[in-house]
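Submitted below is the structure of interest, expressed as structure tokens.
Just so you know, all these numbers are worked out from the coordinates, no wet-lab data involved. As the structure is a computational prediction, the values presented were derived from the model and not from experiment. FYI the Cβ positions are ideal-geometry reconstructions off the backbone, even for glycines, and counts take in every protein chain you see.
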Amino acid sequence: MYKHILIPTDGSALAEQAITQGFTLARTLNAKVTVVTVVPPFHVIAIEPMVVTTTREEYDKDIAALAERRLAMPRAAAAGVVYDDVYVVAEQPWAAIIETARNRGCDLIMMASHGRKGVSALVLGSETTKVLTHSKIPTLVCR
């Protein structure tokens, strides 16, 4: 069935649930897993307080530490699964997720949905919705 599963994470509790379910599925299918986290590129002005820095070098160090924290949980869940992780710097996480899946030969993307409904889903959208809309790779959404 599926041989290589891509699991995106933003470090949230919902993403951790998708990681747990993704590794369980991978063990069952004897598939390998790649976990990806997407971090924003350096900007002189940052919207998120955790990425406010004064220099490009400081930003690179801070963003690598953020990615490391996001990828710590998957490393713990990886027992018995061939596993790799990567962090990608990109403006649009959904596009980076699809590109990573394509470049790494993944045949399934398994990701969390934040479960927005109604107007907030319409206005805010979600990375999951954008992946579902644009990806030709099968995508399994965990809720």
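Within a Cβ distance under 14 Å of Gly105, other residues only, what is the Lys/Arg minus Asp/Glu net charge?
Surrounding charge for Gly105 is +2.
Quick query: amide H of Val33 versus all other amide H atoms, modeled in the peptide plane; which residues come in under 5 Å with a sequence gap of 5 or more or a different chain?
It is Ile5, Val82, Tyr83, Asp84, by chain and number.
Next question. Among the listed pairs Lys3/Lys136; Lys61/Lys136; Lys32/Lys61; Lys32/Lys130, which have their C-alpha atoms separated by more than 26 angstrom in this model?
Result: Lys61/Lys136; Lys32/Lys61 exceed 26 Å.
Quick one: which of 21-28, 130-137 comes out on top by average Cβ neighbours within 10 Å, and what's the full order, highest first?
21-28, 130-137
May I pose another question? Output ³J(HN,Hα) for the range 94-107: one whole-Hz value per residue in order, computed from phi by the Karplus curve 6.51 cos²θ - 1.76 cosθ + 1.60 with θ = phi - 60°, and x for Gly and Pro.
4, 5, 5, 4, 5, 5, 5, 4, 5, 5, 9, x, 6, 10
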